[in-house]
Amino acid sequence: MSWKSRILQPDTAVEQMKQKAALRALEEVRDGMKLGLGTGSTARYFVDGLGAQVAEGLNVVCVPTSEATRAQAEGLGIALASLDELQRLDLTVDGADELDAQLRLVKGGGGALLREKIVAAASDKMIVIADDTKLVDRLGAFDLPVEVNIFSHGATAAAIGVALAATGNAGDMVLRLSSSDSPFITDGGHYIYDCALGTINDVEALAQALLNVPGVVEHGLFLGYATAAVLAGTVGLQEMGQL
Ligand code: 5RP
């Protein structure tokens, strides 16, 4: 049986594009690799395809970036390990909420930014997979997620506001809520503030300023992690960087 007969069969054009990007990234996986598994609706297709190849004998060991991805990977029989055990990874494949021509990313729409960044930072390569609407001239149209410790999170939010203003990025912030209207809690037990910035001025300065705020656990700017991207559009696949 071919591994392709085992994979999900998406039924909308957008979902098919996401799967195409994921399957192109899957071509970069080699037997014996240590992989980071991203989170979100696009990464899900990568994990699904990987699981199908594992069922046909591919030998890889993976670190999931969320409990949702862990559950999916376990269900597919993909071997998992912790980053503590593996230390370094050959490749991480993950989605993004936005990316620019320099492969700078906004991530965290799915709330997994902290683990995603830890795993990306431990990876020799990171391939971003997305539909091509995620490619933007300037980052910021997608609200920037900032993960904060729950302790005094209102005070932390106020300090985030000061950091935003100091870097020329004033904008509204909202505490992310779950479907039951209670605060969304990340896998790490934190809250997320989503910052509506429109366009981000001086991305690097903002990234540093946010990390300087006590109580900020992580932010959704991923700078210098992605080494390549596969973007799927109606006319086919677009590749950026070094796959
Ligand atoms: C989760 C993420 C996701 O990668 C990002 O939200 C993109 O998700 P999707 O592929 O569903 O559009 O950063 O924290």
Among (1) in contact (Cβ under 8 Å) with a residue 40 or more places away in the chain; (2) over 18 Å from Glu67 (Cα atoms) - the single one Ile192 does not satisfy: (2)
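Residues checked against (1) at pLDDT 95 or above; (2) away from the ligand (no atom under 14 Å from the Cβ); (3) in contact with a strand residue (DSSP E or B) (Cβ under 6 Å, 6 or more places away or on another chain):
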position	(1), (2), (3)
Asp31	yes, yes, no
Leu35	yes, yes, yes
Thr39	yes, no, no
Phe46	yes, no, yes
Gly51	yes, yes, no
Gly57	yes, yes, no
Cys62	yes, yes, yes
From Ser179, Ser152, residue being hydroxyl-bearing (Ser, Thr, Tyr), open to solvent by 50 Å² or more (accessible area, probe 1.4 Å) and out of contact with any Gly (no Cβ under 9 Å at 6 or more places or on another chain): Ser179
Flag for Ile192 being over 26 Å from Ala101 (Cβ atoms), crowded, with 17+ Cβ neighbours inside 10 Å and under 22 Å from the mean Cα position of the chain (by Cα): yes
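Residue-wise test of (1) more than 30 Å from Gln19 (Cα to Cα); (2) at pLDDT 95 or above; (3) touching an Asp or Glu at 6+ places or on another chain (Cβ under 9 Å).
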{"position": "Asp100", "(1), (2), (3)": "no, yes, yes"}
{"position": "Leu144", "(1), (2), (3)": "no, yes, yes"}
{"position": "Thr156", "(1), (2), (3)": "yes, yes, no"}
{"position": "Gly171", "(1), (2), (3)": "yes, no, yes"}
Set Ala159, Ala226: member being in contact with a helix residue (DSSP H, G or I) (Cβ under 9 Å, 6 or more places away or on another chain) and not polar (S, T, N, Q): Ala226
Wholly enclosed strands (runs of 3 or more DSSP E) of region 100-192 bearing at least 1 residues touching a Ser or Thr at 6+ places or on another chain (Cβ under 8 Å): 123-131, 144-148
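Would you check if Glu67 is under 22 Å from Val128 (Cβ atoms), surrounded by fewer than 16 Cβ atoms within 10 Å (Cβ to Cβ) and under 19 Å from the mean Cα position of the chain (by Cα)?
Numbers: under 22 Å from Val128 (Cβ atoms): yes; surrounded by fewer than 16 Cβ atoms within 10 Å (Cβ to Cβ): yes; under 19 Å from the mean Cα position of the chain (by Cα): yes.
So Glu67 fits the description; yes.
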Residue pairs meeting the criteria (Cβ under 9 Å; at least 6 apart or on separate chains; first closer than 13 Å to Val217 by Cβ, in region 142-153; second β-branched (Val, Ile, Thr) and surrounded by fewer than 18 Cβ atoms within 10 Å (Cβ to Cβ)): Ile150/Ile185
Test: residue in region 76-86 that is under 14 Å from the mean Cα position of the chain (by Cα), touching a residue at least 12 places away in the same chain (Cβ under 8 Å), buried (at least 23 other Cβ atoms within 10 Å of the Cβ) and closer than 16 Å to Phe46 by Cα: no
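The values are calculated or read from the model by the stated rules, or taken from the named source; none is laboratory data. Computed from a predicted structure; not experimentally measured. Quick reminder, even Gly has a Cβ in these numbers, built from the backbone with ideal geometry, and neighbours come from all protein chains shown. With ligands, DNA and RNA removed, areas are computed over all heavy atoms of the protein, side chains included. Shrake-Rupley method; radii C 1.70, N 1.55, O 1.52, S 1.80 Å.
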